[in-house]
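**Q** I have a structure I would like to understand better, so I am pasting it below and will then ask my questions one at a time.
The values are calculated or read from the model by the stated rules, or taken from the named source; none is laboratory data. Predicted model, so just to flag it, every value in this text is computed and none were measured. A quick note on method: Cβ atoms are made from the backbone with ideal geometry, for glycine too, and the neighbour counts reach across all protein chains shown. Quick note on the areas: whole protein, heavy atoms, side chains included, nothing else; ligands and nucleic acids left out. Shrake-Rupley method; radii C 1.70, N 1.55, O 1.52, S 1.80 Å.
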Amino acid sequence: MIGLKKKLCLIYTINKFMEIIYNPFAKPFMEENPDVEIFNIMDDSLLPDTLSAGQLTNNVAARILNYVYAAEKAKADAVMITCTSVNEAAAYARRFASIPVFNIDEPVAKMAVAAGGKIGVLATLPTSPLATIRLLNKEAEAQGKKIETVSMVAEGAFDILVAGDRKKHDEMVAEALHKLAGQVDVITFAQISMSLVPHEDPGKPVYKIGKSGFEEAKKILFETK
């Protein structure tokens, strides 16, 4: 019955969310889980403001909290923020929200920390490794582990993707992946925009943001009382 569906709100910081996130990840998730309904909130000023400041700002975090409040009013059962550069905003919003709020990269951080001590963080935006490393360190503390992180940015690749050249973007990410693999035990992609990149096996486990986030959403939606 439609009235019994769980409602998941996705918050995006990019205007190409349909191409990068919704169609490859959210749409198949809904097809596999017809008892889940997804609705979207997009503000493409959030990421540029974060990039300009070099980190998540109080202003951006407050705006994301307002979107979480809007999701509550729209009867969402949970909220997933889909941008790693602002992942700290999810922890902030959890303090005030009446529904579960999490960032799409949180499950990947748990898996990467559990899998290795020297973790490579691969990104195409300079703010993503900072946010991912902070999350990895927090997770390592929770797991009682000591970790070392090595970050690498395929500079310019995100702009190339946004401009429409996915092939060149994918080549740049794959090249950086193999360079990083020689320095670490495991690798985590720091952005969902990289998760569809085809690549050869780099010889190290690679954890990608995307499907694991939706699996976490399903767990939260149906296990949260």
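**Q** Let me see the P(r) profile for region 51-108: every Cα-Cα distance counted, bins of 5 Å, each bin given as a percent of all pairs.
**A** Final binned percentages: 4, 21, 32, 23, 14, 5, 1.
**Q** In region 138-225, which GluC sites (Glu not before Pro) are in a loop and have at most 13 other Cβ atoms within 10 Å, using DSSP for the loop call?
**A** Qualifying residues, ordered by number: Glu155, Glu200.
**Q** Right, something else. Which distance in Å, rounded to a whole number, links the C-alpha centroids of region 1-42 and region 147-225?
**A** 20
**Q** For the chain, what is the calculated [θ] at 222 nm in deg cm²/dmol (nearest 500), taking -39500 (n - 2.57) for each run of four or more DSSP H residues and dividing by its residue count? Don't skip to the answer; put the middle values down first.
**A** On the way: 9 runs with 99 residues, N = 225.
The per-residue figure over the chain is -13500 deg cm²/dmol.
**Q** I would also like to ask the following. Enumerate by residue number the trypsin sites (Lys or Arg not before Pro) in region 15-107 meeting two conditions: DSSP loop (anything except H, G, I, E, B), and at most 13 other Cβ atoms within 10 Å of the site's Cβ. The partial results should precede the final answer.
**A** On the way: sites: Lys16, Arg63, Lys73, Lys75, Arg94, Arg95; in loops: Lys16, Lys75, Arg95.
When the trypsin sites (Lys or Arg not before Pro) of region 15-107 are filtered for loop state and at most 13 Cβ neighbours within 10 Å, Lys75, Arg95 remain.
**Q** If you take the beta carbon distance between Asn40 and Gln183 as r and set R0 to 45 Å, what does 1/(1 + (r/R0)^6) give as a FRET efficiency, to the nearest 0.05?
**A** Rounded to the nearest 0.05, the efficiency is 0.75.
**Q** In debye, nearest 20, what is the charge dipole magnitude of region 67-161 about its Cα centre with +1 on Lys and Arg Cβ and -1 on Asp and Glu Cβ, if you could check?
**A** 320
**Q** Could I ask something else about it? Give, as a single signed number, the net charge of other residues whose beta carbon lies under 14 Å from the beta carbon of Val153, with Lys and Arg counted +1 and Asp and Glu -1.
**A** That sum, taken over residues with Cβ under 14 Å, equals -2.
**Q** Hydropathy first: keep DSSP H helices in the chain averaging at least 0.0 on Kyte-Doolittle, then drop any whose Cα extent along the axis falls short of 30 Å, and list what survives.
**A** In the chain, no H run is both long and hydrophobic enough.
**Q** Kirkwood Rh over Cα pairs of region 59-149 into Stokes-Einstein at 37 °C, 0.692 mPa s: D in µm²/s?
**A** 237
**Q** Pick out, in residue order, every one of the chymotrypsin sites (Phe, Trp or Tyr not before Pro) in region 136-225 that is DSSP loop and has at most 10 other C-beta atoms within 10 Å; say none if there are none.
**A** The qualifying sites: there are none.
**Q** Taking Rh as the Kirkwood radius, which is the inverse of the mean 1/r over Cα pairs, what is the Rg/Rh value for the chain?
**A** 0.95
**Q** Right, here's the next one. Near the amide H of Cys83, under 5 Å away, which other amide H atoms are found, from residues 5 or more places off or on another chain, if H is placed in the peptide plane?
**A** Under 5 Å from the amide H of Cys83: Ile104.
**Q** Quick one: Debye curve from the C-alpha atoms of region 1-126, no solvent, what's log10 I(q)/I(0) at q = 0.09, 0.19, 0.21, 0.22 Å⁻¹?
**A** The Cα Debye sum returns log10 ratios of -0.27, -1.14, -1.31, -1.38.
**Q** How many lysine pairs are close in region 132-225, with Cα atoms under 18 Å apart and the two 8 or more places apart or on different chains?
**A** On the way: Lys138/Lys146; Lys168/Lys179; Lys179/Lys204; Lys179/Lys208; Lys208/Lys218; Lys211/Lys219.
Counting lysine pairs in region 132-225 gives 6.
**Q** Ignoring any ligand, DNA or RNA, what whole percent of the accessible area of region 11-102 comes from carbon and sulfur when the probe is 1.4 angstrom?
**A** Carbon and sulfur: 48 percent of the exposed surface of region 11-102.
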